[in-house]
1. Quick one: in segment 165-180, which of the residues that are over 17 Å from His223 (Cβ atoms) and open to solvent by 20 Å² or more (accessible area, probe 1.4 Å) is farthest from the chain's Cα centre (by Cα)?
2. Could you grab me the full set of residues in segment 346-361 that are of a type in the set (D, E, K, R) and buried (at least 19 other Cβ atoms within 10 Å of the Cβ)?
3. Output the residue which, of all residues in segment 81-90 that are touching a Lys or Arg at 6+ places or on another chain (Cβ under 9 Å) and open to solvent by less than 30 Å² (accessible area, probe 1.4 Å), is farthest from Lys110 (Cα to Cα).
4. Just to be sure, is Gly131 open to solvent by less than 10 Å² (accessible area, probe 1.4 Å) and under 24 Å from Lys34 (Cβ atoms)?
5. Tell me the residue from Ile271, Ile284, Ile233 that is surrounded by fewer than 21 Cβ atoms within 10 Å (Cβ to Cβ), in contact (Cβ under 8 Å) with a residue 12 or more places away in the chain and touching a Leu at 6+ places or on another chain (Cβ under 7 Å), please.
6. What about Val342, is it among the β-branched types (Val, Ile, Thr), assigned to a strand (DSSP E or B), open to solvent by less than 30 Å² (accessible area, probe 1.4 Å) and over 25 Å from Thr259 (Cβ atoms)?
7. Scan segment 212-230 for residues that are under 20 Å from the mean Cα position of the chain (by Cα) and surrounded by fewer than 14 Cβ atoms within 10 Å (Cβ to Cβ) and report the count.
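The values are calculated or read from the model by the stated rules, or taken from the named source; none is laboratory data. Since we're looking at a predicted model, the values are computed, not measured. A quick note on method: Cβ atoms are made from the backbone with ideal geometry, for glycine too, and the neighbour counts reach across all protein chains shown. Just the protein is used for accessible areas: all its heavy atoms, side chains included, with ligands, DNA and RNA removed. Shrake-Rupley method; radii C 1.70, N 1.55, O 1.52, S 1.80 Å.
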Amino acid sequence: MNLYHKSKANYFILIISFLFNSCVGQRSESIPVKVIKIHKDSITLKAETQPEYRNSVHDKDFQGNQISGVVRTVFQDSKGSFWFGTQSGLSRYDKNGLVYFVLKDYNGQKVTVHAIIEDKIGNIWIGYNRGIAKFDGKHFTMYYEKDENKIGGLWSMIMDKKGIIWIGTTQGVYTFDGEKFSPFEIPEGKINPDVGVSTTKMVHSIIEDSKGNMWFSTNGGIHIYDGMTLKTISEKEGLLSNFVGQIIESKMGHFWISTSKGLFKYDGHSIINLTENLFNKNEISIGCIFEDKKGTLWFNANKRDIYNYKNDIFTKIESKVGEFKPFTFTIFEDNQDRLWFVGLRGAYRLENNTFINVNRNGPW
């Protein structure tokens, strides 16, 4: 190749590289936020002052004093307090008992809390359906859009090693710097007809792996951002479904992936379908997944069945409490190594191989 053609080829590669990278994570116009600061005392309600929660007048079991009818997530902070994100707001249990914080959105409506995290200095960050709140121990600072709703409903939130907050919503990925929401563009997927809430831009979960890469679970597969380029893992690479619910990084360095058609293991090179011989192909959908401190993987399948996976062995866990089987949205391990399963009709904990219902009265 002569110098002219070599230069022309290098120029072509440079242009293609520029075009590709300019589309990855491209940030269109940022969305400014409105900020409201509220003292906790003005929105705090003690659980014992509230009417008994009733799921249904016809339901004889699991009625009294549930934390909430739907608990979306649970988190234990560095002080040992438990936080619950629910369909109707936020609650916390500490040495003084259980309290509810009446958080409201820009329309004055109670919020649904999907994500709770803690930063390095002890602030609690709450991701709710249309915004973010920060709790510093005394005040809640509410952040939401000044004008029309563009970011959509928030479903997931993390803070990366640099302190940047990433949120996954029904309208895609955004970062938050305390002043504005900035769009982070990733490819669109398809609407999942088998779930109640679904969009082409749906982002179910986000993680930052041990190498600093960002992973996005979407309706178009998995997108991995290394700071420069975007890599996609989808049906083309071996997944049976592009509807990916969650990804977690194992302590061994590989990744667990939940989809609408099974549970997969990804080691950076190959994708292994772990559940192809466990379920009927037409009857399998993996929900939330969690790896405990001992390296055991826990997950729910087909909404209400709980399994764990260790040393290549699947074990089905009896999860009935009375006549009710919990429908789990989040699995969490607390500081006492106890596993929590929260979701439809409240919070449950696995102790001595038995599921117990944790309501307003405990057991804590």
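1. Across segment 165-180, the extreme among qualifying residues is Glu179.
2. Selection gives Arg349, Arg360.
3. Ser81
4. Yes: the conditions hold for Gly131.
5. Ile271
6. When the stated conditions are applied, Val342 does not pass them.
7. Count: 1.
Matching residues to (1) within 25 Å of Ser234 (Cα to Cα); (2) in contact with a His (Cβ under 9 Å, 6 or more places away or on another chain); (3) in a loop (DSSP other than H, G, I, E, B):
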residue	(1), (2), (3)
Trp256	yes, no, no
Lys265	yes, yes, no
Asn277	yes, no, yes
Asn280	yes, no, yes
Glu283	yes, no, yes
Phe290	yes, no, no
Lys293	no, no, yes
